[in-house]
1. Determine, yes or no, whether Pro7 is out of contact with any Phe, Trp or Tyr (no Cβ under 8 Å at 6 or more places or on another chain), free of Cβ contacts under 8 Å to residues at least 60 places away in the same chain, closer than 18 Å to Leu102 by Cβ and of a type outside the set (A, V, I, L, M).
2. Within segment 45-59, which residues are in a strand (DSSP E or B) and either of a type in the set (Lys, Arg) or surrounded by fewer than 12 Cβ atoms within 10 Å (Cβ to Cβ) (or both)?
3. Taking only segment 1-26 into account, find how many residues are surrounded by 17 or more Cβ atoms within 10 Å (Cβ to Cβ), modelled with pLDDT under 95 and among the β-branched types (Val, Ile, Thr).
4. Looking at Glu83, Glu118 in this structure, which one is of a type in the set (Asp, Glu), modelled with pLDDT of 95 or more and loosely packed, with under 12 Cβ neighbours inside 10 Å?
5. Right, Phe66: part of a strand (DSSP E or B), of a type in the set (Phe, Trp, Tyr) and exposed (fewer than 13 other Cβ atoms within 10 Å of the Cβ) or not?
6. Which residues, taken from segment 35-68, are under 21 Å from Phe115 (Cα atoms) and of a type outside the set (A, V, I, L, M)?
7. Out of all the residues in segment 107-119, is one or more part of a strand (DSSP E or B) and charged (D, E, K, R)?
8. Pull out all pairs, ordered by first then second residue, where Cβ-Cβ is under 6 Å, the residues are six or more apart or on different chains, the first lies in segment 27-43 and is modelled with pLDDT of 95 or more, and the second is of a type in the set (Gly, Ala, Ser) and assigned to a helix (DSSP H, G or I).
Amino acid sequence: MLTEPTPCENDLATQIIGCAMIVHRHFGPGLVESVYETCLCHELAKAGLAVVRQKRQPIVYDGITFDEPFKMDVFVNDTIIIENKVVETVLPLHKAQLRSYLKLANRRLGLLINFNVERLKEGIHRVVNGSATYDL
C-alpha cells in the first residue's frame, strides 16, 4: 500500500491546480472537456512540467498484461494523474474511477478537475490511492 503523498507530490498538485485556475479564469464553465484538457496541458508545459495526454496504461490482471489499456486524461511528471470532467455534478463514481486509475498505475495522488463550475475551487477533488477523497 502506498503512503500519503510526499511534500513534492503535494507541491506538484498545487502547481497543477494553479495552471487549471488560469485556464478556468480565461474560459469559465461551459466548454467541452477536450478544450480544457488542451489548454491545461499547454499551461502545464509552460510551467516546465512533463505532460502526457491520454497516456495508455496497460492492465495487469492475474499476472497477465492485457492489450486493452485504459487512458489517463493527463499524466504529469510521471507522478500525478489528472482526470478532467465537464459535468453538472461530480459523482462518487468519478472519484472511484480515478482511484482505480491510481491503483492500476501504482501512483499515490490524483486530481479530479471539473471545469463545469463557477468557481474552480468547487470543482477540484484530491484523490489519494488507498485513502479518502478530499475536496478543496
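1. Values: out of contact with any Phe, Trp or Tyr (no Cβ under 8 Å at 6 or more places or on another chain): yes; free of Cβ contacts under 8 Å to residues at least 60 places away in the same chain: yes; closer than 18 Å to Leu102 by Cβ: no; of a type outside the set (A, V, I, L, M): yes.
Answer is no for this residue.
2. Selection gives Arg53, Gln54, Lys55, Arg56.
3. Summing the residues that are surrounded by 17 or more Cβ atoms within 10 Å (Cβ to Cβ), modelled with pLDDT under 95 and among the β-branched types (Val, Ile, Thr) in segment 1-26 gives 0.
4. Unique residue meeting the criteria: Glu118.
5. yes
6. Scanning segment 35-68 gives Tyr36, Glu37, Thr38, Cys39, Cys41, His42, Glu43, Lys46, Arg53, Gln54, Lys55.
7. Within segment 107-119, the first condition is being part of a strand (DSSP E or B), and the residues that meet it are 109-114.
Those still in the list that are charged (D, E, K, R) too: none.
No - not one qualifying residue is present in segment 107-119.
8. Sorted first by the residue in segment 27-43, then by its partner, the pairs are Leu40/Ala20.
The values are calculated or read from the model by the stated rules, or taken from the named source; none is laboratory data. Please read these numbers as outputs of a predicted model, since none were measured by experiment. Cβ atoms come from the backbone with ideal geometry, glycine included; neighbour counts cover every protein chain shown.
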